[in-house]
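The values are calculated or read from the model by the stated rules, or taken from the named source; none is laboratory data. Note that this is a predicted model, so its numbers are computed, not measured. A quick note on method: Cβ atoms are made from the backbone with ideal geometry, for glycine too, and the neighbour counts reach across all protein chains shown. What goes into the accessible areas is simple: the full protein's heavy atoms, side chains included, and nothing from ligands, DNA or RNA. Shrake-Rupley method; radii C 1.70, N 1.55, O 1.52, S 1.80 Å.
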Amino acid sequence: MTPRPPGAHLPEHPDRLWSAAEPKAAYDVVIVGGGGHGLATAYYLAKNHGITNVAVVERGWLAGGNMARNTTIIRSNYLWDESAGIYEHALKLWEGLEEELGYPLLFSQRGVLNLAHSLQDVRDSVRRVEANRLNGVDAEWLDAAQVKEVCPIVNVSPDVRYPVLGATFQPRAGIAKHDHVAWGYARAAAALGVEFIENCEVTGLRVSGGRVTGVDTTRGAIAAGRVALCAAGHTSVVAATAGIDLPLQSHPLQALVSELLEPVHPTVVMSNAVHVYVSQAHKGELVMGAGIDAANSYRQRGAFHIIERQMAAALELFPVFARAHVLRTWGGVVDVSPDASPIIGLTPVDGLYINCGWGTGGFKATPGVGWCFAHTVAHDDPHPLAAPFSLDRFVTGALVDEHGAAAVAH
């Protein structure tokens with residue numbers, strides 16, 4: 001496949017502020033991965049810490065990986081204190097991000113419903129609502145009738161396979177336009193002096209005396225004082241070149257959009273039992289996603305039966321969608337840690353930092369993790385909100401197990 005030339009994904013943005021120039025010989029910081037997390041980290045390194053001799057190295061084009069394949073959901077209603085801390089920090093940043101970056105992110109706080117279909121779901125959901133409130137996160141418990149008020153097209157009939165018994169509701173949650181988020185961060189970072197190197201795959205890390213000294217790429221070697229890995233789905237591959245074996249598994253994650261429709265879906269609905277989540281994009285497409293494929297793979301498409309089950313679940317919850325047509329499907333590659341929470345922080349190699357293992361929760365955390373990861377890289381010390389997600393928790397046993405705690409982990 002012929003590589004897409006730098007900038008070809010943004011023909012409507014001729015005023016883009018980055019160039020396709022050859023990389024310099026050395027940078028203070030090299031960030032591997034030009035997605036949302038890498039771009040946000042670069043921006044906050046420059047803005048918050050004055051570190052501007054930064055290169056974001058991307059094997060394809062900026063935001064051409066998982067950032068272009070996610071389903072745009074933003075929320076912070078996680079159960080555990082550690083998760084609520086970093087996601088709520090992110091949500092607060094989201095609420096002022098459009099003004100800060102001077103770019104239309106189409107951030108829409110339309111709320112997120114997490115449905116409960118069994119007595120155990122209800123108990124877990126009410127528990128999470130109370131935990132959210134203790135952490136200062138807006139959360140409500142709604143019964144089935146109240147769910148219907150928030151989202152009239154949800155099927156709350158008692159005679160379906162998975163009846164809706166209620167839902168948690170976070171009013172401040174919502175969606176944003178994922179590619180606009182990437183462009184906003186890239187433009188703002190470029191204005192502060194950050195450079196972007198596209199079509200440049202990192203093939204190895206250079207390590208000497210226990211410290212990282214740079215990266216090998218398909219466009220030559222680049223020296224670096226510090227290297228930050230933000231390559232969603234592939235961080236473990238890059239880290240392995242420095243002798244670090246990360247506890248990650250990579251899986252395909254699929255989603256789809258419908259044809260354009262008139263506005264019919266006013267919020268975001270997620271269901272763990274039937275494993276589907278649905279929102280409606282600003283242009284009118286229904287955006288639907290499901291769980292990860294069980295098989296490990298680096299393919300950016302998954303198994304058909306996952307999509308088939310996803311559609312069956314969506315039609316049970318939303319019978320009105322029966323006549324909608326699928327416009328396109330796609331897939332990304334996500335890396336999943338043993339406790340389904342991210343790994344953020346230092347590594348056994350001095351000057352090498354990792355931000356990975358987000359599974360399906362990475363997009364919503366973009367501003368928060370960019371802020372915290374930039375702090376970690378700048379100070380060689382984890383930000384307090386990122387500290388619980390260190391690599392050594394898999395040795396100490398201090399896990400942050402959100403996998404079954406907060407409905408689907410999207």
Cross-link pairs beyond the 22 Å C-alpha cut-off, checked among Lys283/Lys364; Lys92/Lys364; Lys177/Lys364; Lys47/Lys92; Lys177/Lys283; Lys92/Lys148
Lys92/Lys148
What relative contact order, as a whole-number percentage, does the chain give when Cα pairs under 8 Å and 6 or more residues apart are counted?
23 percent
1.4 Å probe accessible area per residue over the chain, in Å²:
40 Å²
Taking amide H atoms as placed 1.01 Å from N in the peptide plane, list the residues 5 or more away in sequence, or in a different chain, whose amide H sits under 5 Å from that of Thr347.
Leu352
Please report Rg (one decimal) and Dmax (integer) in Å for the Cα set of the chain.
20.7, 66
FRET efficiency, Asp28 to Asn199 (Cβ-Cβ, R0 30 Å, nearest 0.05):
0.85
Which order do the peptides 186-194, 227-235 take when ranked by the mean count of other beta-carbon atoms within 10 Å per residue, highest first?
227-235, 186-194
Can you work out the FRET efficiency for the pair Ala191 and Val122, with r the C-beta to C-beta distance and R0 = 51 Å, to the nearest 0.05?
0.55
Which whole-Hz couplings ³J(HN,Hα) result when phi for each residue of region 271-281 is put into the Karplus expression 6.51 cos²θ - 1.76 cosθ + 1.60, θ = phi - 60°, listed in order with x for Gly and Pro?
9, 7, 5, 8, 6, 8, 9, 9, 9, 10, 6
